Amino acid sequence: MKYSLKALLLSIMMCLLQFTGNGQDPEKKPGIISYYLDCEDCDFTFVRQELPFVSFVRDPQLADVHILVTNSNTGSGGDKFFLNFIGRNDFKGIDYEYNVTTSQSDTDDDIRKSLLKMLKIGILQYYSKTGFIDQVNIDLEESENRKADDMTIDRWKKWVFSIEAGGELQKEESQNSFNLSTSASASKITEAWKTSFEGYYGNDLEKYIDDDTTIVNKQDDIEYSGYFVKSLNDKWSAGIFATYTSRNYMNLEHKTGLAGGIQYNIFPWKECNRRVFAVQYWAGVNYFDYFEITIYDKLYETLFSEGLQVDLELVQPWGEISVGLEGRHYFHDFSKNRLTLESDLSIRITKNLEVFCELQSQIIHDQLYLPSGDASREDLLLQRRKLATTYEISSQLGLRFTFGSMYNNVVNERF
């Protein structure tokens, strides 16, 4: 009986795979264009409702036009979306690119309507090359009846400010905790300059009561940073960076840093929505003032360091890849170094199968801040101090498999 059940399940799986892999794709009527919308931030249900006459498919291999949508953060706290229309089959080589910029105050409905408007413009370009354009009505007007010579005055001179504060309180008979965090930022981003200042303060207080014993865990975290980045040309950039940190978990009463760096992107920065291959070098000085004497018998010290970082980002119809590799060391002792690798990969293997992988890893040999002496059991359980380690690794690997109708554009939101 067990064998029969296994054989039945195996037969069903083989039939599904054979059906999805060898099934014939439905034929299209002449003049109909198929589109594949490759957009994580788009409301696809809304798009299909507003464009019921547009044939969207779930498999990019069946599409006549691949619509690839990516986005980047703007200096005002909003997003800039890049819509790339990539022609395939009879439209191969006919490509278009459009931009949509949203503000920090825009609602989700505002954003999806702005994206829909630009999708209509791009889709219309391809319909204009077929007889289907005769069946489309076009109505063009300015929403607020403004004139072309209307001027916009920016009272803030492109500066954007943000303030955030929050707290959390939890209390029980044998334990209680309190958390407070505040942050503030000011930034100004133009084509020529990128300026930013950020500040953060966090406080965590925990108390555990056991009979007549009270264990207290208090963590303070203060961080300030500021930088100025100058765009030298379409590939080169230079910057100055300043930081301040105070964190008892890391045995840092005061840490002040100042560094300068230069960056080169193999591709022009105007193509950053699709591809980035940048190399960055920096060098600087840091002053350390510790809460406790370190394992190297230091209570304070001044150290010079340098680092080299390589970043690769590609967003293509076949998938996405993002890899960052950074190496840094101190000048007084080259053995005090750190190598950091961060990667995010998503590749479409077949029309139904996609593999994704995320990896964050560090090789650590620069924990100069570790306090001398052994950590107590309370320190270990409450994570009150950073422990010595030579590496840190986290990863995720998975597969995505989809199958079914490629041409189902019906929307049904019941229940």
message: Given the criteria within 22 Å of W159 (Cβ to Cβ), assigned to a strand (DSSP E or B), among the small types (G, A, S) and assigned by TED's automatic domain parsing to the domain that holds F197, does G239 qualify?
response: yes
task: Kindly indicate the residue of the stretch 206-224 that is surrounded by fewer than 15 Cβ atoms within 10 Å (Cβ to Cβ) and hydrophobic (A, V, I, L, M, F, W, C) and also nearest to E164 (Cα to Cα) among those meeting that condition.
output: V216
- prompt: Take the residues of the stretch 67-112 that are among the basic types (K, R) and part of a loop (DSSP other than H, G, I, E, B): which is farthest from the chain's Cα centre (by Cα)?
  reply: K92
task: Give the stretch 263-292 a look and list any residue that's out of contact with any Pro (no Cβ under 7 Å at 6 or more places or on another chain), farther than 30 Å from V100 by Cα and not small (G, A, S), or say none.
output: Y281, W282, V285, N286, Y287, F288, D289, Y290, F291
- prompt: Out of curiosity, is D311 surrounded by 17 or more Cβ atoms within 10 Å (Cβ to Cβ), of a type in the set (D, E, K, R), at pLDDT below 95 and closer than 25 Å to T243 by Cβ?
  reply: yes
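A quick yes/no check of all residues on (1) more than 30 Å from A238 (Cβ to Cβ); (2) without any contact (Cβ under 8 Å) to a residue 40 or more places away in the chain; (3) surrounded by 14 or more Cβ atoms within 10 Å (Cβ to Cβ):
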| site | (1), (2), (3) |
| --- | --- |
| S185 | no, yes, yes |
| K188 | no, no, yes |
| A192 | no, yes, no |
| G226 | no, yes, yes |
task: Read through the list (1) closer than 25 Å to Q360 by Cβ; (2) surrounded by fewer than 17 Cβ atoms within 10 Å (Cβ to Cβ), then give the number of the only condition that I293 fails.
output: (1)
task: Run down T195, T182, T214 and say which single residue is assigned to a strand (DSSP E or B) and touching an Asp or Glu at 6+ places or on another chain (Cβ under 9 Å).
output: T182
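The values are calculated or read from the model by the stated rules, or taken from the named source; none is laboratory data. Just so it is clear, the structure is predicted and the values come from calculations on it, not from any experiment. Neighbour counts run over all protein chains shown; Cβ positions are idealised from the backbone, glycine included.
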